[in-house]
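The values are calculated or read from the model by the stated rules, or taken from the named source; none is laboratory data. Just so we're clear, the structure is a prediction, and the values are computed from it rather than from any experiment. Cβ: placed from backbone, ideal geometry, glycine included. Neighbour counts: every protein chain shown.
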């Protein structure tokens with residue numbers, strides 16, 4: 001089984017009365033709540049966490065794209081992917097992703113992903129999300145009636161640009177280009193393609209047709225997610241796809257401590273910040289008319305964030321134990337977390353778990369502690385799961401000896417940094 005450390009990069013300074021005084025964390029969130037000087041530390045701290053996750057042996061480092069919101073401050077995930085490609089050595093760069101229907105022309109996505117794959121030595125996983133209604137329709141102004149048409153045409157153009165060695169013209173409905181001649185091109189052709197989704201029949205069919213990984217980025221937890229994943233696997237069977245758990249990924253909030261009681265003491269307030277403030281989305285932004293297709297509506301599949309009484313709204317009012325019992329979070333001692341994560345992997349039949357170990361306003365040193373605890377005390381016991389299947393959805397990088405080795409980072413006086421990662425001592429200090 002594979003485990004990916006994912007960072008949403010939320011804004012950790014939302015006020016206590018945010019939900020009372022502001023109608024949404026997304027689209028029209030008050031920009032006066034942002035402080036660029038604080039963001040200097042926030043962004044660099046978040047990148048430090050991602051690099052620390054590689055030090056701890058996580059298989060992939062996850063990032064994604066969102067616009068005009070304080071829940072995930074990555075309008076340009078390719079910038080984050082580029083710095084990770086340069087500063088890491090082995091972990092996959094899980095770019096989930098660039099919302100390809102937002103780029104005109106989509107060859108910009110093809111170029112940037114190719115650069116990242118080259119810089120990293122072939123470690124890119126390319127995510128092709130349709131994108132949320134908040135991002136696509138409201139923040140970026142894309143017509144929901146044509147969104148999926150643009151998405152599919154952008155996909156076809158990117159795939160051909162990666163593979164066709166000759167200059168060609170593209171005369172589509174939404175994109176018209178006299179010359180398409182991609183420079184650079186990716187090492188992997190193509191990089192593994194994952195399609196993040198919230199639960200639409202069309203996305204399932206798309207993954208089956210192209211043999212892509214389906215990634216359910218859930219914030220309602222694995223118990224609610226089981227129903228949707230059952231639908232995905234049932235649809236794969238109907239379409240004649242051979243079952244392989246590595247064709248699916250699932251995102252889950254996780255936190256680990258020495259005991260169950262310590263986990264509650266350390267993490268509860270940060271979980272509440274996440275569910276109450278970071279997911280405070282005005283329902284009117286969650287589901288623009290035309291965003292969901294007729295087939296999805298007929299299947300009864302609703303977006304996670306629609307409705308005043310959505311599961312996300314309800315989560316903030318639950319007790320800590322109810323959050324665990326209902327699957328919103330996986331939390332507790334290593335033994336407790338092992339039991340819960342085994343249930344996640346086997347009930348959802350997923351070979352890739354996207355681990356959300358940082359959430360809300362959790363301080364970095366505490367997140368490092370949880371990250372190290374999970375990596376050393378839980379994941380080694382879970383890795384043998386699904387070992388009878390071959391993973392076709394992970395990168396195939398260049399041999400290590402053939403890859404460029406970036407020079408060591410130095411301070412302004414030119415001295416090399418300490419060889420021991422400074423956050424390791426901090427994690428041990430928190431644990432003690």
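Checked against the criterion of being part of a loop (DSSP other than H, G, I, E, B), free of Cβ contacts under 8 Å to residues at least 24 places away in the same chain and touching a helix residue (DSSP H, G or I) at 6+ places or on another chain (Cβ under 8 Å), the stretch 158-173 has at least one qualifying residue. Check the stretch 210-227 and report whether any residue there is surrounded by fewer than 19 Cβ atoms within 10 Å (Cβ to Cβ), in contact with a helix residue (DSSP H, G or I) (Cβ under 6 Å, 6 or more places away or on another chain), free of Cβ contacts under 8 Å to residues at least 40 places away in the same chain and within 24 Å of residue 390 (Cβ to Cβ). Within the stretch 210-227, not a single residue is surrounded by fewer than 19 Cβ atoms within 10 Å (Cβ to Cβ), in contact with a helix residue (DSSP H, G or I) (Cβ under 6 Å, 6 or more places away or on another chain), free of Cβ contacts under 8 Å to residues at least 40 places away in the same chain and within 24 Å of residue 390 (Cβ to Cβ). Out of curiosity, is residue 409 closer than 16 Å to residue 256 by Cα and either assigned to a loop (DSSP other than H, G, I, E, B) or at pLDDT 95 or above (or both)? For residue 409, the condition - closer than 16 Å to residue 256 by Cα and either assigned to a loop (DSSP other than H, G, I, E, B) or at pLDDT 95 or above (or both) - is not met.
Residues in the stretch 40-68 that are over 16 Å from the mean Cα position of the chain (by Cα) and within 30 Å of residue 22 (Cβ to Cβ): 40, 41, 42, 43, 44, 45, 48, 68.
When the stretch 137-155 is filtered for residues that are under 24 Å from residue 62 (Cα atoms) and without any contact (Cβ under 8 Å) to a residue 60 or more places away in the chain, the ones remaining, listed by number, are 151, 152, 154, 155. Restricted to the stretch 324-339, and to residues there that are closer than 11 Å to residue 223 by Cβ and without any contact (Cβ under 8 Å) to a residue 60 or more places away in the chain, the residue that is surrounded by the fewest Cβ atoms within 10 Å (Cβ to Cβ) is 325.
Residues in the stretch 348-371 that are surrounded by fewer than 23 Cβ atoms within 10 Å (Cβ to Cβ) and part of a helix (DSSP H, G or I): 364, 365, 366. Residues of the stretch 228-261 that are without any contact (Cβ under 8 Å) to a residue 12 or more places away in the chain and closer than 24 Å to residue 336 by Cβ: 261 alone.
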